[in-house]
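The values are calculated or read from the model by the stated rules, or taken from the named source; none is laboratory data. Here the structure is a predicted model, which means the values were calculated and not measured. Positions of Cβ are backbone-derived with ideal geometry, glycine not excepted, and every protein chain shown enters the neighbour counts.
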Amino acid sequence: MQPAAFDYLAPPSLDEALATLSQRGDEAKVMAGGQSLIPLMKLRLATPSLVVDLGRIDDLVYMRSDGTEVRIGARVRHCDIEASAELRRDLPILHEAVRLISDPLVRNMGTAAGSLCHADAAGDWGSVMLALGASFVLRSSGGTRTVEAAGFFTGPFSTVMRADEVMTEIRIRVPR
């Protein structure tokens, strides 16, 4: 099946992406890896008039741990989490969970943040993040807010994110 016609923008910076979402938020959908959005568009369950692709924003690709907290950027793919020795050491549950996500194509293209924003009740990351007490950094052109995982999901395929926001980071405290 073919998706409905849409415009496509791949901004080089987060600020440019946020400015576009500020102007066209309700008409737009954000894409990081596309493994959740593209199938919905093909089935015409999602028909955005604009897709804002974060794929060129390299500032969103990072994994950092200071031993007490892990920070994962919005463009980190599932396979990056799987390959990280640092995350395997600090949060072994992430390494165990990521190996069970879908298939290699999805793990090589999809992102953890994208999966969380999609909020599929059958998705793997939501329950893991709830169990770990994770929080998510949401940014818009108006500012930044941090939302605990327990308050992020409002139902299947539904979150507290506004149309002009982008999840920029996942934060997880390292258990003792």
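Is it the case, given these coordinates, that Thr168 is out of contact with any helix residue (DSSP H, G or I) (no Cβ under 9 Å at 6 or more places or on another chain), under 20 Å from Leu94 (Cβ atoms), among the polar types (S, T, N, Q) and part of a strand (DSSP E or B)? Quick ask: steps written out before the conclusion?
Numbers: out of contact with any helix residue (DSSP H, G or I) (no Cβ under 9 Å at 6 or more places or on another chain): no; under 20 Å from Leu94 (Cβ atoms): yes; among the polar types (S, T, N, Q): yes; part of a strand (DSSP E or B): yes.
Considered against the rule, which asks whether it is out of contact with any helix residue (DSSP H, G or I) (no Cβ under 9 Å at 6 or more places or on another chain), under 20 Å from Leu94 (Cβ atoms), among the polar types (S, T, N, Q) and part of a strand (DSSP E or B), Thr168 comes out as no.
Of everything in segment 99-140, what is hydrophobic (A, V, I, L, M, F, W, C), in contact with a Ser or Thr (Cβ under 7 Å, 6 or more places away or on another chain) and closer than 16 Å to Gln35 by Cα? Give them in sequence order.
Cys117, Ala119, Trp125
Which residue out of Asp59, Asp26 is surrounded by fewer than 17 Cβ atoms within 10 Å (Cβ to Cβ), more than 13 Å from the chain's Cα centre (by Cα) and at pLDDT 95 or above? Working first, answer last.
Working: Asp26 fails: at pLDDT 95 or above.
After applying the criteria, what remains is Asp59.
Looking at segment 1-23 only, could you name the residues that are in a loop (DSSP other than H, G, I, E, B) and surrounded by 15 or more Cβ atoms within 10 Å (Cβ to Cβ)? Outline the logic, then answer.
Taking segment 1-23 and keeping what is in a loop (DSSP other than H, G, I, E, B), we get 1-6, 10-13.
Answer for segment 1-23, where residues must be in a loop (DSSP other than H, G, I, E, B) and surrounded by 15 or more Cβ atoms within 10 Å (Cβ to Cβ): Pro3, Phe6, Pro11.
Could you please find all residues in segment 77-105 being of a type in the set (Val, Ile, Thr) and crowded, with 20+ Cβ neighbours inside 10 Å? Please lay out each step first, then the result.
Our first condition is that a residue be of a type in the set (Val, Ile, Thr); within segment 77-105, this holds for 81, 93, 98, 101.
Those that are of a type in the set (Val, Ile, Thr) and crowded, with 20+ Cβ neighbours inside 10 Å: Ile81, Val98, Ile101.
When you scan segment 106-140, how many residues do you find that are surrounded by fewer than 16 Cβ atoms within 10 Å (Cβ to Cβ) and in contact (Cβ under 8 Å) with a residue 60 or more places away in the chain? Before the answer, list the steps.
Step one: of segment 106-140, the residues surrounded by fewer than 16 Cβ atoms within 10 Å (Cβ to Cβ) are 108, 120-122, 127, 130-131, 133.
Now drop any that are not in contact (Cβ under 8 Å) with a residue 60 or more places away in the chain, which leaves 120.
Looking only at that region, the number is 1.
Just checking: which of the strands (runs of 3 or more DSSP E) contained wholly in segment 41-131 hold 1 or more residues that are under 15 Å from Ile172 (Cβ atoms)?
Counting at least 1 such residues, we get 63-65, 69-73.
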